[in-house]
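Here the structure is laid out as structure tokens; the discussion comes afterwards.
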Amino acid sequence: MKNIKLVIEYDGKDFNGWQKQPNKLNIQGEIERAIQEITGEEKIELIASGRTDAGVHALGQVANFKTKTKIPVEKLAIAINSKLKKSVIIKSAQKVEERFHSRYNCKEKTYRYVINNSSQGSAIFRNLEYHFPVKLNIEAMKSAIKFFEGEHDFKGFKSSGTSSNNSIRTIYKAEIKQENDQILIELTGNGFLYNMVRIISGTLVEVGLGKIKPDEIINIINSGDRTKAGKTLPSHGLFLVEVKY
């Protein structure tokens, strides 16, 4: 039995998230189906580094599965891709040690939230970024985002569907970049609560509008009060960029 690690890219627009669900198009189920077709194995269990919600995209999701297939590992990505929708691609496949677990062995993840801050938005990229036409103060947002770095209790930055009782997480790096009309919010941490990145991004938009001052962020974090943070921004602007082990 071989343990195979996959790095996966997907456009989440047409999917009901990563997790397998009956009668709903999902990424996990699509990839498992493709693997079963090429290997002839009846049962494939694909374990991801974490679930992404409906509409969320990935540039570097990681998942692993066990298989007895004799297909050479260097040909697995091509073989699986031949059975997948064009909106999902296996970027790489490699054999890893038997104990490797995509979720439990994960050390850090990087997420990116993309805001189009132009007046008209984009027809082509409309499903890959959140259009916000009111001009935002980037410098204020850059000052505010640094308050999220470090270990904090992010209870005020999670949605009610969070399964974990422990809301303490560490953000190793938090930064904002600007590329023409795009504002890129990037967070790297040891883990994220349900909708945490989208709520942080919504809070930073409030800062950009002048509704929240940058130095008020730490008070909002310490309060643990969800109502003091910004709104949850739409899922289609969010990308899982990278997972490290």
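Here are the numbers for this structure:
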quantity: Mean ellipticity per residue at 222 nm, deg cm²/dmol - from DSSP H runs of n ≥ 4 across the chain, formula -39500 (n - 2.57); calculated: -6000 deg cm²/dmol
quantity: Rounded tilt (10° steps) of 196-208 against the dominant C-alpha axis of the chain; calculated: 30 degrees
quantity: Calculated from backbone phi, Karplus (6.51, -1.76, 1.60) coupling profile of the stretch 32-43 in Hz, x at Gly/Pro; calculated: 4, 4, 5, 5, 4, 5, 7, 9, x, 7, 6, 10
quantity: Using distinct alpha-carbon pairs, which all enter the 1/r mean, Kirkwood radius of the stretch 148-245 in Å; calculated: 13.9 Å
quantity: Charge context of S167, other residues only, Cβ under 13 angstrom, K/R +1, D/E -1; calculated: +1
quantity: Percentage relative contact order, the chain, counting C-alpha pairs under 8 Å, at least six apart; calculated: 24 percent
quantity: Phi-based couplings in Hz for the stretch 130-142 (Karplus 6.51, -1.76, 1.60; Gly and Pro marked x); calculated: 9, 7, 10, x, 7, 4, 9, 7, 5, 5, 5, 5, 5
quantity: DSSP-defined beta bridges in the chain - what % are antiparallel, rounded to 5; calculated: 90 percent
quantity: All aspartates and glutamates inside 17 Å of K43 as judged from Cα atoms, apart from same-chain residues fewer than 8 positions distant; calculated: E30, E32
quantity: Per residue Cα convex hull volume in Å³ - calculated over the stretch 81-135; calculated: 130 Å³
quantity: Alpha carbon Rg of the stretch 186-236, scaled by the compact-globule rule 2.2 N^0.38 Å; calculated: 1.10
quantity: Amide H partners (placed H, <5 Å) of F15, local residues excluded; calculated: G55
quantity: Calculated Rg and Dmax of the stretch 12-94 using C-alpha coordinates, Å; calculated: 12.2, 35
quantity: The stretch 122-128 - phi-based ³J(HN,Hα) in whole Hz, Karplus 6.51/-1.76/1.60, Gly and Pro as x; calculated: 10, 6, 6, 9, 4, 8, 10
quantity: Within the stretch 1-47: Cβ-based charge dipole about Cα centre, in debye rounded to nearest 20 (Lys, Arg +1; Asp, Glu -1); calculated: 140 debye
quantity: Ratio of the Cα radius of gyration of the stretch 121-169 to 2.2 N^0.38 Å, where N counts its residues; calculated: 1.62
quantity: Whole-Å distance, taken between Cα centres, linking the stretch 68-130 and the stretch 215-245; calculated: 23 Å
quantity: Under 14 Å, Cβ to Cβ, from K70 - net charge with Lys/Arg +1 and Asp/Glu -1; calculated: +2
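Read the figures in this text as sums done on the coordinates, not as results from a lab. Everything numeric in this text was worked out from a predicted model, so none of it was measured. All Cβ positions, glycine included, derive from the backbone under ideal geometry; neighbour counts span all protein chains shown.
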